[in-house]
Amino acid sequence: MRDFHLPGRSAVFATNGMVATSHPLAAATAIDILKAGGNAADAAIAAAVLLGICEPQMTGIGGDMFALIQKDPTANVVALNGSGRAPVAANAAALRDAGHGTVPLHSVDAVTIPGAIDGFCTLAKDFGALPLKDTLAPAIHYARAGVPVAPKVAFDWAQNTQALQGSARDKYLTAGAAPKIGQLFAAPGQAEVLERVASEGRDGFYTGAVAEDMQTSLRAAGGCHSLEDFAATKSTYGTPLRASYKGIEMLEHPANGQGATALLMLNMMKHFDIAAMAPFGTERAHIEAEISKLAYDARNRFIADGDYASRVDHMMAPETAAQLVGLIHPNRAMADPHGLSEAIHKDTIYITVVDKNRMAVSLIYSIFHAFGSGLASDHFGILFQNRGAGFSLEAGHPNELAGGKRPMHTIIPGMLAEGGRITMPFGVMGGSYQSNGHARFLSNMVDFGLDPQKAIDAPRCFSDAGTMKVERGYGPQVAQELSEMGHKVEIPTGPIGGAQAILIGADGVLQGASDPRKDGCALGY
């Protein structure tokens, strides 16, 4: 039990249904949908689409989504991939010839076709109980009426206004500046788009006036996107990947998501006595950082569109983990994992909903970097993601940019299972941190006995592209000792990611947990 003298957040308990997500309006909307006869799929769609209005810097209908769905406690979990593809005319060689070593983040070349709307329509058709018009009605209302900007959203918005370009500045800034806390933000153009989707389904987005607005805007910015690229967008189903850690099984979305990275981290963690370490001390932070460096190096080598990612089995093999941990020094940071591991290898929203029949949905939805590419369609104001920056420009790489191909994705929904029963849909936001966050969240609970809320609240650190980011929740001596080990330590301006989870008790009680690093909450009824 937490110390009620100190600031904190209690878990939320209920029996009929539960939602946990990053904005209170979205959480309340999901509960309203459940009470109106919708199921977990309907509630997740309604809340997620609304989050594109509540948190436009994080997500929106110009982005992608992934979901893990268990229809009922006896059903197998399925993975729904609602991520879009590069336009057919995209060409890595052209970017290399132009002098680029990577896909420029805030360029039209980074814009892949939005897959989320097709994903939501597929989820509604295959699993939902309500008409799509009912599910989208709350988002349509708030897009037109406006949403008061929440504190964390205002913080993120002000930090990232420089990313917005052209018409996006007109639609996402007020008099050239980010909106303040409590100021209304409306997106009437998106309300019109959602009305078309509500009446016409996915064709209301991928054909006709909406598709023409997106395609024309991207072409004007120098893109090679065609109307045929939009019309051909289609979600796909897959089978989750699995690995266990101390009796708890973690389910992850298969490639092109980075879920295998989290599972590789779990396999490496088994070689250390994490539970014997201080939970928020230097030793655990160092070992976790070194594990993540090697796991993310493997990710960058192997994760790609599922049609091209041929070595994920090698990445997840126990032998691979055993060889990699041999490269870790107990008290010295490795500078660059790439050379060391050569011989062995040869800004997002999350929502989880559980309903009265125990359908469980774990859904993540993103435009990648804050405000995505920074480009928006001229008429409807659809902000385009920059997921194409997840491609490699290395010739012959499995994740090399190519027409009609899906890029490697950082967003990953997760679920936990014990004794063959799904016990917790969960997710961690925060760009590349997500795989690290999944492994750490499970370790917090299994190794240190933390309940889901405390496991989410706990301080975080992350070795990100050569910089060891350490939240202020750690003691100052930890940062000092990590520096002495050779880590380049930085206290980040904002928190590291966010997380949401719902524990499904065998006794029928649901326990919701929500990250205080975001504006949201868990709600149940």
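The values are calculated or read from the model by the stated rules, or taken from the named source; none is laboratory data. Quick caveat, the model's predicted, so the values are computed rather than measured. Every residue, glycine among them, receives a Cβ derived from its backbone with ideal geometry; neighbour counts consider all protein chains shown.
Test of understanding: among Leu482, Leu523, which residue is modelled with pLDDT of 95 or more and over 30 Å from Arg332 (Cα atoms)?
Just one listed residue meets the conditions, Leu523.
Give the residue, chosen from Thr135, Thr122, that is out of contact with any helix residue (DSSP H, G or I) (no Cβ under 8 Å at 6 or more places or on another chain) and either more than 22 Å from Gly63 (Cβ to Cβ) or in a helix (DSSP H, G or I) (or both).
From the options Thr135, Thr122, the qualifying one is Thr122.
Specify the residue that is nearest to Gly508 (Cα to Cα); the eligible residues are those in the stretch 16-36 that are part of a strand (DSSP E or B) and β-branched (Val, Ile, Thr).
Applying the first criterion (part of a strand (DSSP E or B)) to the stretch 16-36 yields 18-21.
Those left that are additionally β-branched (Val, Ile, Thr): 19, 21.
Details: Val19: 15, Thr21: 21 Å.
Restricting to residues being part of a strand (DSSP E or B) and β-branched (Val, Ile, Thr), the top hit is Val19.
If I ask for residues that are of a type outside the set (Val, Ile, Thr), farther than 26 Å from Ala439 by Cβ and assigned to a loop (DSSP other than H, G, I, E, B), which ones from the stretch 216-244 would you list?
Start the filter on the stretch 216-244 by keeping residues that are of a type outside the set (Val, Ile, Thr), which leaves 217-232, 234-235, 237-238, 240-244.
If we keep only those that are farther than 26 Å from Ala439 by Cβ as well, we get 217-232, 234-235.
Listed by number, the residues that qualify are Ala221, Gly222, Gly223, Cys224, His225, Ser226, Ala232, Lys234, Ser235.
Is it true that some residue in the stretch 288-301 is part of a helix (DSSP H, G or I), of a type in the set (D, E, K, R) and surrounded by fewer than 16 Cβ atoms within 10 Å (Cβ to Cβ)? Break it down into steps so the answer makes sense when it comes.
As a first pass, look at the stretch 288-301 and keep what is part of a helix (DSSP H, G or I): 288-301.
Next, from what is left, pick out any that are of a type in the set (D, E, K, R): 288, 290, 293, 297, 299, 301.
In the following step, the residues that additionally are surrounded by fewer than 16 Cβ atoms within 10 Å (Cβ to Cβ) were identified as none.
No.
Which ones in the stretch 417-429 are buried (at least 24 other Cβ atoms within 10 Å of the Cβ) and in contact with a Ser or Thr (Cβ under 7 Å, 6 or more places away or on another chain)? Before you say what the answer is, go through the steps one by one.
From the stretch 417-429, those buried (at least 24 other Cβ atoms within 10 Å of the Cβ) are 424-429; that's our starting set.
Across the stretch 417-429, the qualifying residues are Pro425, Phe426, Gly427, Met429.
Is it fair to say Ala86 is surrounded by fewer than 24 Cβ atoms within 10 Å (Cβ to Cβ), small (Gly, Ala, Ser), modelled with pLDDT of 95 or more and touching a strand residue (DSSP E or B) at 6+ places or on another chain (Cβ under 8 Å)?
No; evaluated as a whole, the condition is false for this residue.
Considering only the stretch 280-299, state which residues are under 19 Å from the mean Cα position of the chain (by Cα) and either modelled with pLDDT under 90 or of a type in the set (Lys, Arg) (or both).
Arg299
Suppose the filter is under 30 Å from Gly146 (Cα atoms), β-branched (Val, Ile, Thr), at pLDDT 95 or above and touching a helix residue (DSSP H, G or I) at 6+ places or on another chain (Cβ under 9 Å); does Ile31 pass it?
Judged against the criteria, Ile31 is a match.
Quick check: is even one residue across the stretch 226-234 more than 22 Å from Gln385 (Cβ to Cβ) and among the acidic types (Asp, Glu)?
The answer is no; no qualifying residue exists.
Quick one: which residue in Ala90, Ala75, Ala79, Ala143 is more than 27 Å from Phe230 (Cα to Cα) and hydrophobic (A, V, I, L, M, F, W, C)?
Result of the check over Ala90, Ala75, Ala79, Ala143: Ala75.
Within the group Leu393, Leu324, which residue is surrounded by 21 or more Cβ atoms within 10 Å (Cβ to Cβ) and touching a helix residue (DSSP H, G or I) at 6+ places or on another chain (Cβ under 9 Å)?
The unique qualifying residue is Leu324.
Before we move on, is Gly437 of a type in the set (Gly, Ala, Ser) and surrounded by fewer than 21 Cβ atoms within 10 Å (Cβ to Cβ)?
Working: of a type in the set (Gly, Ala, Ser): yes; surrounded by fewer than 21 Cβ atoms within 10 Å (Cβ to Cβ): no.
It is false that Gly437 is of a type in the set (Gly, Ala, Ser) and surrounded by fewer than 21 Cβ atoms within 10 Å (Cβ to Cβ).
Name every residue in the stretch 472-525 that is polar (S, T, N, Q) and surrounded by 19 or more Cβ atoms within 10 Å (Cβ to Cβ), in order of residue number. Reasoning before the result, please.
Let us first name the residues in the stretch 472-525 that are polar (S, T, N, Q), namely 477, 480, 483, 493, 500, 511, 514.
Gln500, Gln511, Ser514, listed by residue number.
Kindly provide the set of residues from the stretch 280-304 that are farther than 30 Å from Glu481 by Cβ and out of contact with any strand residue (DSSP E or B) (no Cβ under 9 Å at 6 or more places or on another chain), ordered by number.
Hits for the stretch 280-304 are Arg301, Phe302.
For Thr135, which of the numbered conditions (1) buried (at least 17 other Cβ atoms within 10 Å of the Cβ); (2) farther than 30 Å from Asn357 by Cα; (3) of a type in the set (Val, Ile, Thr) fails to hold?
(2)
Hey, can you tell me all the residues within the stretch 221-253 that are within 19 Å of Pro413 (Cα to Cα) and either of a type in the set (Gly, Ala, Ser) or at pLDDT below 95 (or both)?
Once the filter is applied, which keeps residues that are within 19 Å of Pro413 (Cα to Cα) and either of a type in the set (Gly, Ala, Ser) or at pLDDT below 95 (or both), the stretch 221-253 yields Ser235, Gly238, Ala243, Ser244.
For the stretch 58-83, give me each residue that is in a loop (DSSP other than H, G, I, E, B) and surrounded by fewer than 24 Cβ atoms within 10 Å (Cβ to Cβ).
Result: Lys71, Asp72, Pro73, Thr74, Ala75, Asn76, Val77.
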